[in-house]
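Asker: Mind having a look at this structure? Questions to follow.
Just so it is clear, none of the values below were taken in a lab; they were calculated from the coordinates. In this text, all values refer to a predicted model and were calculated from it rather than measured experimentally. As a convention, Cβ positions derive from the backbone with ideal geometry for all residues, glycine included, and neighbour counts pool all protein chains shown.
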Amino acid sequence: DVFRSKERTVLVIGKYGDNLSRLRQIQDALKERGYEGVLLEDFPDIEEQSLPQKMALFASIARFVICDDTSLSGHNVELTICADLRFATVIFRPQGIASTAMQSDLSHGCDFMKVFACDGASPSLVVPDAIGWAERVVSERSAYFNRRYTWRKPGTLMQ
């Protein structure tokens, strides 16, 4: 069900093709820590959905998103979707440098997006710190929304 999915699922976005091994490294590092990292390419497209809609669907059922921003690709559009829909998002960038200047300040001033500088060869080394940050953000947002939406009571929340 959706609630159980949100507890342990992390959407991993970034460039496919020659960069796929980096995404799989991140996926493996998440698995070692009890999370299920999912890549959009591992799931069939839904015929009536665009690619941005598919990404938003998966991001909505994920606990948080990790973006490997090492090379320019379609994930740049996905990062904008994360910003627009305020998904808790971790961004891995080699030495903290964005793949394009157009996205370099996307996380500036956001409490739901954070850049983690990572070694070009081993993005998995920053996964533990990224998880810690993302879990804090998810917890803080949950507490905020539970205060804000006064009708929420323990019996009305997904369990």
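Asker: Provide the packing ranking of 141-151, 64-74, i.e. peptides ordered by the mean count of other C-beta atoms within 10 Å per residue, highest first.
Answerer: The most tightly packed comes first, giving 64-74, 141-151.
Asker: Specify the inter-centroid distance of region 1-30 and region 105-127, based on alpha-carbon positions, in whole Å.
Answerer: 15 Å
Asker: Under 20 Å from the Cα of LYS153, which lysines turn up, not counting those fewer than eight places away in the same chain?
Answerer: LYS6
Asker: Can you spot the lysines whose alpha carbon is less than 17 Å from LYS15's alpha carbon? Ignore those fewer than 8 places along the same chain.
Answerer: List returned: LYS54.
Asker: Here's a follow-up. How far is helix 51-60 tilted off the main Cα axis of the chain, in degrees rounded to 10, range 0 to 90?
Answerer: So the helix axis and the longest Cα principal axis differ by about 50 degrees.
Asker: Rank by packing, highest mean first: peptides 41-48, 133-140, with packing defined as the count of other Cβ atoms within 10 Å averaged across residues.
Answerer: Ranked from most to least packed, the peptides come out as 133-140, 41-48.
Asker: Nearest 500 deg cm²/dmol is fine: what mean residue ellipticity at 222 nm does the chain get from its DSSP H runs of n ≥ 4 alone, each adding -39,500 (n - 2.57), divided by its residue count?
Answerer: Helix contribution divided over all residues of the chain: -12500 deg cm²/dmol.
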